[in-house]
Every structure is written in C-alpha cells, then in structure tokens.
Amino acid sequence: MKDSEDSMLDPIYNIKAVARMTGLPPVTIRAWERRYGIPNPERGNQGYRLYSEEDLQVLQWLKERVDTGMSISRAVQLLTDLRAKGKDPLTAHPTIAQEQPTSLQQVRSALQAALIQFQDQRATDLLRHSLAIYPIDQVIEEVIEPVQRAIGEAWHRGEMNIASEHFVTNFFTQHLMGIISSSPPPVRPGIILAACAPNEMHQVGLLSLVVMLRWRGWDVKYLGADLSLERLDESIKTLRPWMLLFSATLPQSLNFISELPAFLQKLPHPHPLVVVGGQAFSALPDLPEGVHLVQAAGLQASTQKIESLMQANRSTPYAS
C-alpha cells in the first residue's frame, strides 16, 4: 500500500497529457496553479511542468465541482477544509490506488467491466492512463470503439438494460468532447462542419472521427446530434466551410438526403463538399449528385478519405 501511495506522487505527466486526460485547457490549469497553488507540479530538467497522479485526481475533483456550478475559489476552499478535517475526498475512492493495466487489450476488458458496473471514476482512470501512454487514434480504435460496440450489441441481445447502455454512451460522449476541447489549434486550411443527421442521436462514432481530424490539425466545428437543415444555410454563409459532414446510423435519419439538393441551392456557388457516412447509408441505393459517401473500413481509413477530399477541394473559391 505504501508503494501505491508513493507512486501517486511521482511526477510523470506533462501539461498536454493532463489537459487531454482531464478536459481542462492548459491555460486553466496554469491559472489555477498561479491563483490557488493547486496543483503544485514539479519541474523537469528542461523546466517543464510534470504532474503526478495525485495532481490529476485533484484537478478532476475540482473540475467536477465547477461543472456543477460551484466557483473554483469555493471548490479549492472546500477541498482545503475537507483535508484539514481529515476527510480528503480523493482518498474516498478505492480505485485510485488500483494497479492500472498496461496493454490496450487489458484496458479494454477492464474499462468494459467498470462501465457495466457504473464505476465511472474507475473507468475515467483507465481511459486517462491509456491516453497518456498510447496515441489518441489507437485508443479510439482499440478501446473506445470496441467497448461501445460490445455494449451496444449486448443491449440489442437483451443482456443489458437501456440505462446501462445510455450510461456508457454518455461516458464516452463526455470524454470525447473533453478531448476535442483540449486539442491543439487548427493548422490546416478550410473548415469542416460535422453533425449527426436530423433525427440521429448516436454521436460517439462521429465524435471519434472529429477527434481524429482535430488532432491532425483540421478545423472541425462539431454541431452536435439531430441537426436540422432549417436555417443551417445562414451559418454556412458565415463560416464558408469547405465540407459538410453528416453521420447517420438509423434508417429514419436518412430522410434529409432528399432535402439536400434544394438545401444546397440556397447556398452561393460553389457549394461546400457534402460528405455522409455511417451504418444507415449502407442500405441507401443512391445518393444525390455531388454527395460523397465515406464508408471506409475503420476510423483511420475514414479519416484519410476525408483528408483526401479536403485536399482535393482546395481549388474551390471557398478556399480563397
């Protein structure tokens, strides 16, 4: 137990990794450190901040309080008061000191088990550690997507109730959104507007793709689930995106396809590239002219296909 406690204090994470794992922007982490002395990272040989597992737990706890509406100053004071009374909230979680699996296969199994048992803190620890060790694309393809798929299939077979399935979906949605918010600024030209098609509520697949594109330097604006085409033309005229990216997994989400030609006529020429993808489109025999289907095998292949389309679209006046 002593070794586990000591390892909690080892400075091992840089600020980029901490931002990715907690969903807090680096500027916020530095501001909290400057104003409140929390966290208190050590400095590496080159002067860079290095954070411990305990620092991560503190930041996550503070973020949870702030997300409920508490001010950061009040959250820091609450943590200080609880510790002064010997009631440190971080020691209340037995999962903190658990040994973390190292291989992605082990992470995948442990994460799925934690989510099935509604152990969100344990699941957060597992996902955070895997993101600190492995590239984001590898974690998405070998951990997040397989676990999400396995949970969904278990629900379809009647082996899991809808509350459990929703819990898992919301867990991944929140963490993928956190990764997006901490991604580096875009460095490639052109804007991509990404959204789930009208009546489509399944976001995890598209969010995974958005994460991949954002971390490759693309400027992707994520517009969320169930995006109506109504007045979307106004935002397009303002943002002048190179690409509109729609995702759909359910057949009832495909009705908007017939509305696309009339919708595009509202836009000034040349129109942005329209790209669609998702399980629902595999049953669609034809697409309107000018609509591109990305149905590649795997997230990496889909990302590369979209990148190829964006690079080929650089000649449009929207790109000027």
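The values are calculated or read from the model by the stated rules, or taken from the named source; none is laboratory data. Remember, it's a predicted structure, so these values are computed and weren't measured experimentally. Note that we place each Cβ from the backbone using ideal geometry, even for glycine, and neighbour counts take in every protein chain shown.
Residues in segment 73-122 that are among the hydroxyl-bearing types (Ser, Thr, Tyr) and more than 30 Å from Val147 (Cβ to Cβ) were compared, and the one that is modelled with the lowest pLDDT is Thr80.
Within segment 240-251, is even one residue closer than 23 Å to Ala225 by Cβ and at pLDDT below 85?
Within segment 240-251, one or more residues are closer than 23 Å to Ala225 by Cβ and at pLDDT below 85.
How many residues does segment 289-307 hold that are assigned to a loop (DSSP other than H, G, I, E, B) and either under 24 Å from the mean Cα position of the chain (by Cα) or surrounded by 14 or more Cβ atoms within 10 Å (Cβ to Cβ) (or both)? So the answer is 5.
Of all the residues that make up segment 170-185, how many are part of a helix (DSSP H, G or I) and either closer than 12 Å to Pro25 by Cα or of a type outside the set (A, V, I, L, M) (or both)? Talk me through it step by step, then tell me what you get.
First, the residues of segment 170-185 that are part of a helix (DSSP H, G or I): 170-181.
If we keep only those that are either closer than 12 Å to Pro25 by Cα or of a type outside the set (A, V, I, L, M) (or both) too, we end up with 170-175, 178-181.
Counting residues in segment 170-185 that are part of a helix (DSSP H, G or I) and either closer than 12 Å to Pro25 by Cα or of a type outside the set (A, V, I, L, M) (or both) gives 10.
Candidates are the residues of segment 40-72 that are of a type in the set (D, E, K, R) and under 23 Å from Arg122 (Cα atoms); the one that is modelled with the lowest pLDDT is Glu53. Among the residues of segment 135-145, those identified as surrounded by 17 or more Cβ atoms within 10 Å (Cβ to Cβ) and without any contact (Cβ under 8 Å) to a residue 60 or more places away in the chain are Val139, Glu142, Val143. Applying the criterion of being over 18 Å from Leu131 (Cβ atoms), more than 20 Å from the chain's Cα centre (by Cα) and among the aliphatic types (A, V, I, L, M) to the residues of segment 1-39, the residue that is modelled with the highest pLDDT is Ala31.
For segment 229-236, state whether one or more residues are touching a residue at least 40 places away in the same chain (Cβ under 8 Å) and more than 26 Å from Arg108 (Cβ to Cβ).
Of all residues in segment 229-236, those touching a residue at least 40 places away in the same chain (Cβ under 8 Å) come to 235-236.
From what is left, the residues that are more than 26 Å from Arg108 (Cβ to Cβ) are 235-236.
The answer is yes, given that some residue of segment 229-236 is touching a residue at least 40 places away in the same chain (Cβ under 8 Å) and more than 26 Å from Arg108 (Cβ to Cβ).
Can we say Pro270 is assigned to a loop (DSSP other than H, G, I, E, B), over 30 Å from Val27 (Cα atoms) and modelled with pLDDT of 85 or more? Criteria not met by Pro270. Residues of segment 186-220 that are part of a strand (DSSP E or B) and over 13 Å from the mean Cα position of the chain (by Cα): Ile191, Ile192, Leu193, Ala194, Ala195, Cys196, Asp219. Count of segment 227-243 residues, restricted to those that are in a loop (DSSP other than H, G, I, E, B) and surrounded by 14 or more Cβ atoms within 10 Å (Cβ to Cβ), is 5.
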